[in-house]
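The values are calculated or read from the model by the stated rules, or taken from the named source; none is laboratory data. Quick caveat, the model's predicted, so the values are computed rather than measured. Cβ: placed from backbone, ideal geometry, glycine included. Neighbour counts: every protein chain shown.
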There are 2 protein chains.
Amino acid sequence: MNGADAVMQTLADNGVRACFANPGTSEMQFVAALDREPRMRPVLCLFEGVVSGAADGYGRMAGHPAVTLLHLGPGYGNSVANSHNARRAFTPLVNVIGDHATYHQKYDAPLASDIMSLAKPNSRWVKSAKSADDAADLAAEAVQASFGPPGGPASLILPADCAWSPATRKGPVLAAKTRAPPSGAAVDAAAKAIRGAKKPLVLMGSSACGEEGLAAAGRIAATGVRMMADTFLARQPRGAGRFSPERMQYFGEAAIKDLDGVDVMVLAGTKEPVAFFAYPNAPSVLVPDGCAEVTLADQAEDAETALAALADALGAPSAAAPNALSLPDRPVGAIDARSVGASIARHMPDETIISDDSVTSGMGTVMQTRTARHHDWLGLTGGAIGLGIPAAVGAAVACPDRKVVSLNGDGAAAYTVQGLWTLAREKLDVTVVIFANHTYRILGVEFMRTGSGDPGPAAASLLDLGNPRVDWVSIARGFGVPAERCETAERFDEVFASAMTGKGPMLIEVALA
Amino acid sequence: MNGADAVMQTLADNGVRACFANPGTSEMQFVAALDREPRMRPVLCLFEGVVSGAADGYGRMAGHPAVTLLHLGPGYGNSVANSHNARRAFTPLVNVIGDHATYHQKYDAPLASDIMSLAKPNSRWVKSAKSADDAADLAAEAVQASFGPPGGPASLILPADCAWSPATRKGPVLAAKTRAPPSGAAVDAAAKAIRGAKKPLVLMGSSACGEEGLAAAGRIAATGVRMMADTFLARQPRGAGRFSPERMQYFGEAAIKDLDGVDVMVLAGTKEPVAFFAYPNAPSVLVPDGCAEVTLADQAEDAETALAALADALGAPSAAAPNALSLPDRPVGAIDARSVGASIARHMPDETIISDDSVTSGMGTVMQTRTARHHDWLGLTGGAIGLGIPAAVGAAVACPDRKVVSLNGDGAAAYTVQGLWTLAREKLDVTVVIFANHTYRILGVEFMRTGSGDPGPAAASLLDLGNPRVDWVSIARGFGVPAERCETAERFDEVFASAMTGKGPMLIEVALA
């Protein structure tokens, strides 16, 4: 048993079952160890941004970490944007970042860099192994650290000699730390504040939005309290029968207007809401003047239990009236975000997973799936586009019996388009929808909002994706994924319905412009 | 004039002429400023790894920096791998990394991260602006810092409010610091060591391999001294009439064997040679036992002048006998790396630029172009694959009148395939060659070398790109680039010849397997 075996077996002993990888020379021992650890499923991705996004999607659905395999600083660098999303989603995830052999590091070989400095910002835990046995111990520590609470990426830097040297043993099995239950005082304070308020509101973060948290939220809503969730959630169970909180508006001034009159804001599994971006003369903090803030549970505490306790303290009914299943009519005519959303709501099967990187085009689907069949919605928690296809890869590996639908703006999909290849290779049951408006539409809006005036020709050229238009059908087929372009609502409805009854990867380009 | 204008104009005043960009909300003011600064050419890329690779290729050819425009930590993260290559190439390059407004940073909004920690490892200079006027001053400082010596990426973090607030003035114009000439003592010591040696060798780094350094190297070689260059050079002028140094072998044991008996190694614009990777029982330092090392010029000094002085001190002839133009015969039969190299050597026009990310497939072209028409060869200095297409984008923007040939392994090309779109959009005169062997061939070699045994099914699957095979013609067309697949040497010779006489982007898939 060498260090790589010890790390691999320790990861497996601690419950890790999937390895998303784009390895290089310094990771060959770890690759070899995969053949000696049948509990671990290796999944090759053509780029490390696909690796980290897949591990994020996997962790959100599985509730336990996948491991990534990355090649030194540049390989980790390529994974940064989706690691950032994973950090913001509190997704349990373990990075194994290969490095030069310990004794080789001082020579500053071409691929050497300061991996620690690169990895720190998006790692909740990062350590570099000093020996094979140390690596095994750190592998166990990394899995434990990835659960937090709150969870997030834990990065183990694995020098090549720690992988190839003999190990005397595996690392331990370490229990994950659980989220602390809310204190009675916090529950009492929140209940008291709500009772004394004219317009109380509870703001729910990702950790509050599990099945039980939503059930408790529905009970609280029945007492007349507004229930709202963060704009982007790691994973939200949705559909008929489930309570669906309102959503914090994306633009700060819209949020403040929506919150007008709210005099108590109770925070459950989240922190004080802030604007996604600052703008000249716009608020940073999305709390109305004079509104009291009360923390029921922070991001590391058990917000679901806290909400149930709050519901009890408020004397809420034992269950809220469920929403009945209600599906949109068959859309006809011009294809647009609304018609696409209707078709998705109509045809997606029970327990579909939606990986959302749709930027300006997804709202039609958000709205129309509220009372559709049960599904989980994975949001862009960190704002780093390029998550939609990779997270779908990971979700499909985590949940092989569930249909996955990946919603993507065309600008976002271009970031990590190589992920299509892994869908084909692993025959994953994912339908990728590309909203092809051939522009960074969000930036047209933002340009105006930042007070930049009207875009001149140079600026307009940087917001435009139409010259040339990307042919998504051609690209998908190039990566081995069957694809179709849909130019009417009726055609999309038909093609999407067929994708939902079939199995395996498929891409549909929505011709929006 | 706002801060973005002040930064933009300061960059232009300091000689920056191209902006490779993938902007977001926090960079909209900078985008708007492009319309008020006609000296700056904006070039949109669909991914930040293309941005940084393009800026690297531009800087290597132009000799002065382009500016990148990147969106906070995740956008910078996506640029890391090619920034790493640029750092190792000592390429002058200025990053402008947008950030949240200064007053908004404390709220830890979704896109916030520790940009400084991310940027430090691959930046020779990194600062964050505090105000609009400060940003203008730092823009000038960044350009100056990017020249070094030695040069490299300089990163200016630009908070959104520093861009949108009024500026009272532009920043200064700062002169680049020049490389120090070699000391007479260093030249004398090197000459003396060479005269006293049985088998002296001069090792040349990127900064020694300009036109004048190579001419001096040819003179020194004429005195019987072996002249060798680092394995990967930022930019090497090559072809008939130019001296072509030997190349340090990639694999350490081959290098040591090749250096057998060398008793003096003179370092010119480089440092002690080390193995690209460590392997069990293989050397880290590529210097034979007992060989004396003498530094003629370090990486920040003027190695070209130093070589000329050394040639004088050795009493070398005033010029070496030039190699005559000599082109390979038309290749016939099966297509392989050698036949492709022959066709490239035969047809590439004078002053072609070769952007090389061909991993195991490029050696055939290296060998056969030695006496071809004049060309510049841009190597993979940092070992981070995914540079070939992006660097070609940048080189073509820097040198619009020169033909660019981009050589890519298929694994490498998949990293930054979105770069094809910018070739189409900007109608750049680039021919992209994809060596499609449908495997990470280098890793098959490395797997064995690291002592990992024979790959089992799991390991083999992580080295294989053949399931499914990427259809590069389909992908290129999807991004708007005309493409052809060539399955014989004759057909490649024909298609490549036609690409060399035509203008604009083209992709050729070499069907190696």
**Report entry** Test: A:Ser117 is closer than 28 Å to B:Asn82 by Cα, in contact with a Pro (Cβ under 6 Å, 6 or more places away or on another chain) and either buried (at least 23 other Cβ atoms within 10 Å of the Cβ) or not small (Gly, Ala, Ser) (or both)
**Finding:** no
Report task. Answer with yes or no whether A:Gly98 is at pLDDT 95 or above and in contact with a strand residue (DSSP E or B) (Cβ under 8 Å, 6 or more places away or on another chain). Result -> yes
Query raised in the report: So which strands (runs of 3 or more DSSP E) stay within the range B:154-272 end to end and still have 1 or more residues that are under 25 Å from B:Arg87 (Cβ atoms), in contact (Cβ under 8 Å) with a residue 24 or more places away in the chain and touching a Phe, Trp or Tyr at 6+ places or on another chain (Cβ under 9 Å)?
Result: B:236-238
**Report entry** Meets criteria (within 14 Å of B:Arg238 (Cα to Cα) and not polar (S, T, N, Q)) for B:Ile354
**Finding:** yes
Query raised in the report: Name the residues in the range B:124-183 that are aromatic (Phe, Trp, Tyr) and over 25 Å from B:Asp114 (Cα atoms), would you?
Result: B:Phe147
Query raised in the report: Does A:Thr305 meet the test of being at pLDDT 95 or above and surrounded by 22 or more Cβ atoms within 10 Å (Cβ to Cβ)?
Result: no
Query raised in the report: Since B:Ala6 meets every condition but one in (1) within 7 Å of another protein chain (Cβ to nearest Cβ); (2) in contact (Cβ under 8 Å) with a residue 40 or more places away in the chain, which condition does it not meet?
Result: (1)
Query raised in the report: Which of the residues spanning the range A:349-363 are more than 16 Å from A:Ser244 (Cβ to Cβ) and touching a Ser or Thr at 6+ places or on another chain (Cβ under 8 Å)?
Result: A:Ser355, A:Asp357, A:Ser358
Requested in this report: State all residues of the range A:428-446 that are at the interface with chain B (Cβ under 10 Å from one of its Cβ atoms) and touching a residue at least 60 places away in the same chain (Cβ under 8 Å); if no residue qualifies, say none.
Outcome: A:Ile442, A:Val445, A:Glu446
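Quick grid of which residues meet (1) in contact with a helix residue (DSSP H, G or I) (Cβ under 6 Å, 6 or more places away or on another chain); (2) crowded, with 24+ Cβ neighbours inside 10 Å:
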position: B:Arg88; (1), (2): no, yes
position: B:His100; (1), (2): no, yes
position: B:Gly151; (1), (2): no, yes
position: B:Leu156; (1), (2): yes, yes
position: B:Ala160; (1), (2): yes, yes
position: B:Ala167; (1), (2): yes, no
position: B:Gly171; (1), (2): yes, yes
position: B:Ala180; (1), (2): no, no
**Report entry** The one condition in (1) crowded, with 17+ Cβ neighbours inside 10 Å; (2) among the small types (Gly, Ala, Ser); (3) closer than 20 Å to B:His100 by Cα that A:Ala254 fails to fulfil
**Finding:** (1)
Report task. Could you tell me which numbered condition A:Arg477 fails, if it satisfies all but one of (1) more than 30 Å from A:Phe20 (Cα to Cα); (2) more than 24 Å from the chain's Cα centre (by Cα); (3) among the basic types (Lys, Arg)? Result -> (1)
Query raised in the report: Mind checking which residues of the range B:335-386 are crowded, with 20+ Cβ neighbours inside 10 Å and within 14 Å of chain A (Cβ to nearest Cβ)?
Result: B:Asp357, B:Val359, B:Gly379, B:Leu380, B:Thr381, B:Gly382, B:Gly383, B:Ala384, B:Ile385, B:Gly386
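May I ask you to list the residues in the range A:486-500 that are polar (S, T, N, Q) and either without any contact (Cβ under 8 Å) to a residue 40 or more places away in the chain or buried (at least 18 other Cβ atoms within 10 Å of the Cβ) (or both)? So that I can check it myself, show each step before the final result.
Of all residues in the range A:486-500, those polar (S, T, N, Q) come to A:488, A:498.
Across the range A:486-500, the qualifying residue is only A:Ser498.
Which one is surrounded by the most Cβ atoms within 10 Å (Cβ to Cβ) among residues in the range B:182-222 that are among the basic types (Lys, Arg) and farther than 13 Å from B:Ala311 by Cα?
The qualifying residue surrounded by the most Cβ atoms within 10 Å (Cβ to Cβ) is B:Lys199.
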**Report entry** Residues located in the range A:273-297, provided they are part of a loop (DSSP other than H, G, I, E, B) and either without any contact (Cβ under 8 Å) to a residue 40 or more places away in the chain or of a type in the set (Gly, Ala, Ser) (or both)
**Finding:** A:Ala275, A:Ala278, A:Asn281, A:Ala282, A:Pro283, A:Ser284, A:Leu286, A:Val287, A:Pro288, A:Asp289, A:Gly290, A:Cys291
Query raised in the report: Of all residues in the range A:314-345, how many are in a loop (DSSP other than H, G, I, E, B) and not charged (D, E, K, R)?
Result: 19
Query raised in the report: of a type in the set (Lys, Arg) and closer than 14 Å to A:Ala268 by Cα, is that true of A:Arg226?
Result: yes
Query raised in the report: Which ones in the range B:447-468 are facing chain A (nearest Cβ under 7 Å), among the small types (Gly, Ala, Ser) and without any contact (Cβ under 8 Å) to a residue 40 or more places away in the chain?
Result: B:Ser452, B:Gly453, B:Gly456, B:Ala458, B:Ala459, B:Ser461
Query raised in the report: Of the residues that make up the range B:59-82, is at least one over 30 Å from A:Phe251 (Cβ atoms), aromatic (Phe, Trp, Tyr) and crowded, with 24+ Cβ neighbours inside 10 Å?
Result: no
Query - Among the candidates A:Asp350, A:Asp356, residue that is in contact with a helix residue (DSSP H, G or I) (Cβ under 7 Å, 6 or more places away or on another chain), touching a residue at least 12 places away in the same chain (Cβ under 8 Å) and among the acidic types (Asp, Glu) - result: A:Asp356
Requested in this report: Please indicate, with yes or no, whether at least one residue in the range A:15-25 is in contact with a Pro (Cβ under 7 Å, 6 or more places away or on another chain), part of a loop (DSSP other than H, G, I, E, B) and not hydroxyl-bearing (Ser, Thr, Tyr).
Outcome: yes
